[in-house]
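The values are calculated or read from the model by the stated rules, or taken from the named source; none is laboratory data. What you see is a predicted model; the values in this text were computed from it and never measured. Every residue, glycine among them, receives a Cβ derived from its backbone with ideal geometry; neighbour counts consider all protein chains shown. Note: areas computed on protein heavy atoms with side chains; ligands, DNA, RNA excluded. Shrake-Rupley method; radii C 1.70, N 1.55, O 1.52, S 1.80 Å.
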Amino acid sequence: MSSLEEPLGFDKLPSMSTIDRIQRFSAGACRPTVDDMGMGNCWIEGRGCSTSNSCDIFSSEDYEEYKGEAFPWRRHVRDASEGEAFNRRPKSLSKNRMKFGHVCKSRNLPDQHYSSKCTERGIRGITNKFLNGIPKFVKIVEVGPRDGLQNEKNIVPTSVKVELIRRLVSSGLPVVEATSFVSPKWVPQLADAKDVMKAVCDIEDARLPVLTPNVKGFEAAVAAGAKEVAIFASASESFSKSNINCSIEESLARYRAVCLAAKEHSVPVRGYVSCVVGCPVEGAIPPSKVAYVAKELYDMGCFEISLGDTIGVGTPGAVIPMLEAVMAVVPAEKLAVHFHDTYGQSLPNILISLQMGISTVDSSVAGLGGCPYAKGASGNVATEDVVYMLNGLGVKTNVDLAKLMLAGEFISNHLGRQSGSKTAVALCRVTADASKIR
Amino acid sequence: MIAARRLDKISRLMGSRATPSAFLKAFNKESLLWIESLNPKVRLLGNDDGDAVRFSTYHYSSNCNHSPTNKVLRNLPAHVKIVEVGPRDGLQNEKEIVPTSTKVQLIKMLVSSGLTVVEATSFVSPKWVPQLADAKDVMDAIQNIQGARFPVLIPNLKGFEAAVSAGAKEVAIFASASESFSKSNINCSIEDSLARFRDVVSAAREISLPVRGYVSCVVGCPVEGIVPPSKVAYVAKQLFDMGCSEISLGDTIGVGTPGTIIPMLENVMNVVPIDNLAVHFHDTYGQALSNILTSLQMGISTVDSSVSGLGGCPYAKGASGNVATEDVVYMLNGLGIETNVDLEKLLLAGDFICKHLRRPPSSKTAVALSSKKANSKL
């Protein structure tokens with residue numbers, strides 16, 4: 001539904017910085033309560049608070065305007081003739097964005113403050129039904145530097161990888177998968193694993209797990225300074241054979257050895273299960289198989305099991321029975337979801353997973369990492385898009401979307417292509433065009 | 001039993017060092033048969049050569065419905081009507097004029113995919129939307145198409161009259177929930193636009209012509225920022241009360257997330273019956289499908305979308321706009337929701353228009369499936 005009479009051109013929009021745009025549009029979820037005003041420093045620091053969502057949209061005057069008024073827009077109608085109303089808001093935005101924090105004390109949905117009194121009762125009732133089970137905090141596991149970059153044909157210099165990791169950590173991401181100690185014969189992109197680990201060994205603000213295929217890889221990882229590792233098994237027998245050249249059972253035996261060694265070194269181990277919905281060879285994967293592999297990994301000592309829809313074919317209809325089967329054998333708080341956006345389904349799948357109580361989500365900055373099974377198709381879900389949605393749900397992530405976008409921009413510029421994140425593209429485009437007006 | 005047979009075949013093929021494409025070729029039909037045996041409701045799509053795996057049909061709806069803990073999908077509608085807006089909302093932003101014959105062919109292909117409502121064109125002044133200046137010719141050419149409705153957009157009584165004389169049997173009007181957007185987009189206040197539309201709806205009722213009402217900026221406005229749900233409810237109610245049979249709620253700049261969609265829908269559902277509501281989400285921030293899912297959970301059963309995601313966002317150049325019908329159908333198939341749409345044929349329609357526009361589809365499902373098809377032929 002774009003312009004039909006006279007298209008709204010950019011020359012008619014007030015020019016805004018990316019920060020303003022993010023504040024304005026990144027989510028409507030959280031409004032500052034009157035108590036929260038004055039916590040703006042929290043936002044600027046970008047850490048220890050909720051995300052930089054659009055709590056800052058309205059100034060105190062705006063808040064006063066809308067509180068309890070059924071049809072506040074009518075005031076704008078009256079003001080229109082004065083020609084000021086529609087410019088007031090952007091000015092107040094930039095003036096006041098420093099003032100307000102975005103610490104959301106509750107998951108109060110955005111416009112509860114604005115709805116007329118008669119609907120307020122109704123709102124809480126229906127809203128809670130859909131959002132009750134959603135966790136207040138979601139841990140995002142950033143897999144861009146490993147899962148994202150490992151498929152890149154052109155070797156990315158170590159310094160660029162390290163800079164990417166640093167930027168990601170500074171955006172507030174608590175876990176960033178740094179690299180992989182799989183043989184460089186198979187993954188030449190990550191042959192510099194040791195050098196990357198050396199360069200990031202001083203980072204304290206985030207955990208930096210690394211992928212290890214076996215005990216040998218584990219030992220190399222630990223020698224290089226890794227403090228956390230990840231292993232990966234498949235729920236599909238044929239995928240296991242074609243991807244890591246051994247059966248599921250053989251891979252599990254291998255990983256038991258890794259977990260044993262890791263226990264001796266007090267190194268936590270994360271377990272991935274691939275093909276949790278579909279396999280490029282076998283087709284649909286029964287949830288019971290996924291549950292079996294997940295339980296094996298959990299029982300051998302993995303502290304977290306990440307369930308990966310490797311080829312992105314899942315929809316909520318398939319994800320739910322899979323999660324149900326797994327949650328019957330592994331506690332929900334030990335589970336993570338790792339959806340691919342190959343068919344555009346990852347955000348609804350993530351939403352469903354949150355509704356079922358999952359609180360850890362894997363994603364990749366700028367949607368790095370295509371799908372090796374459908375050339376040209378997308379792969380990992382973009383962290384920016386996930387953060388945008390979580391902000392909108394009032395879910396805390398500790399991630400500063402603006403800083404995250406800078407990290408995404410950095411790596412996309414290096415790779416010489418557009419970000420795979422729609423949020424990043426939308427926010428950047430608006431900024432770019434707005435800046436041309438001057 | 002079936003699994004064991006398949007695993008046997010797999011190991012035999014592995015032993016022979018078969019290539020990945022051989023795997024695909026070998027297992028497509030068998031996988032499809034296996035799924036069919038599990039769930040008779042599954043519709044299996046496939047080419048004559050059966051080479052491309054169609055995962056979109058692998059849904060577990062029967063398993064889902066039997067699960068007692070599956071509260072998140074319990075109240076989803078059994079059937080969703082998709083309103084295809086590609087030929088109008090999608091094409092109207094294209095710079096290069098698309099020939100009438102191409103538009104008509106697109107409409108025909110969309111109808112043959114099973115879509116029952118296809119927004120055909122718009123009778124807004126060609127001065128503002130030159131792409132759709134051929135509205136009359138398009139309407140002429142589709143007069144005899146059966147099996148679908150073809151609403152057309154109209155801005156006022158004059159446009160309505162032109163539409164009716166061109167053979168339109170259904171029209172659509174649009175108001176905004178944001179005052180500033182209303183003024184900048186259609187050059188008048190919300191109240192003035194509603195007054196204009198009351199005349200249109202009056203005239204439409206006299207000849208028993210259904211009218212669909214769009215509300216734009218139901219979450220955010222490029223000028224005002226966040227739009228209060230009460231405003232959206234007000235405009236929706238006005239349109240409904242004046243006689244619109246369906247109100248389509250549009251997140252014009254795609255900024256909505258489930259956190260903002262829910263209170264907006266709740267407010268509107270207080271004043272307009274849910275069966276008369278549709279959602280029209282833009283995918284500018286990648287949020288459309290999760291917003292649609294949320295809407296379905298709230299009981300909405302009509303969704304607007306655009307084949308191949310036609311129609312960018314004029315407020316963020318280069319950013320995406322309409323949600324792609326293929327992606328919506330893929331998700332609905334996976335949820336076991338009936339749409340009447342044949343994804344395979346829909347892909348052909350999308351392929352057709354994208355070839356003409358010389359660019360890849362903005363539908364991830366379309367890209368993934370056409371890539372798999374290409375690879376399986378190697």
- Task: Keeping to segment B:99-124, report how many residues are buried (at least 24 other Cβ atoms within 10 Å of the Cβ) and free of Cβ contacts under 8 Å to residues at least 12 places away in the same chain.
- Result: 0
- Among helices (runs of 4 or more DSSP H) entirely within segment B:184-296, at least 2 residues that are crowded, with 24+ Cβ neighbours inside 10 Å and within 8 Å of chain A (Cβ to nearest Cβ) occur in B:229-242, B:258-269
- Within segment B:297-346, restricting attention to residues that are facing chain A (nearest Cβ under 7 Å) and among the polar types (S, T, N, Q), which residue is most open to solvent (accessible area, probe 1.4 Å)? B:SER320
- Does B:LYS136 satisfy being surrounded by fewer than 23 Cβ atoms within 10 Å (Cβ to Cβ), without any contact (Cβ under 8 Å) to a residue 24 or more places away in the chain and in contact with a Phe, Trp or Tyr (Cβ under 9 Å, 6 or more places away or on another chain)? no
- Task: For residues that are open to solvent by less than 40 Å² (accessible area, probe 1.4 Å) and touching a Ser or Thr at 6+ places or on another chain (Cβ under 8 Å), scanning just segment B:347-357, find the one that is farthest from B:LYS108 (Cα to Cα).
- Result: B:CYS354
- May I ask you to list the residues in segment A:129-157 that are open to solvent by 70 Å² or more (accessible area, probe 1.4 Å) and more than 19 Å from the chain's Cα centre (by Cα)? A:LYS129, A:ASN132, A:ASN151, A:LYS153, A:ASN154, A:ILE155
- Message: Could you check segment A:168-188 and list, in sequence order, the residues that are modelled with pLDDT of 95 or more and crowded, with 20+ Cβ neighbours inside 10 Å?
- Response: A:LEU168, A:VAL169, A:SER171, A:GLY172, A:LEU173, A:VAL175, A:VAL176, A:GLU177, A:ALA178, A:THR179, A:SER180, A:PHE181
- Note on the structure: The correct count of residues that are open to solvent by 10 Å² or more (accessible area, probe 1.4 Å), farther than 30 Å from B:SER308 by Cβ and either among the aliphatic types (A, V, I, L, M) or at the interface with chain B (Cβ under 10 Å from one of its Cβ atoms) (or both) in segment A:302-354 is 7
- Out of B:ALA288, B:ALA324, B:ALA366, B:ALA349, which single residue is out of contact with any Gly (no Cβ under 6 Å at 6 or more places or on another chain), closer than 30 Å to A:LEU354 by Cα and of a type in the set (Gly, Ala, Ser)? B:ALA288
- Query: Which is under 22 Å from B:GLY350 (Cα atoms) and in contact with a His (Cβ under 7 Å, 6 or more places away or on another chain), of B:THR121, B:THR102, B:THR116?
  - Reply: B:THR102
- A:VAL160: on the phi < 0 side of the Ramachandran plot, assigned to a helix (DSSP H, G or I), surrounded by 18 or more Cβ atoms within 10 Å (Cβ to Cβ) and in contact (Cβ under 8 Å) with a residue 12 or more places away in the chain, yes or no? no
- Message: Condition first: of a type in the set (A, V, I, L, M) and either buried (at least 16 other Cβ atoms within 10 Å of the Cβ) or touching a Ser or Thr at 6+ places or on another chain (Cβ under 9 Å) (or both). Now tell me which residues in segment B:358-378 satisfy that.
- Response: B:ALA366, B:VAL367, B:ALA368, B:LEU369, B:LEU378
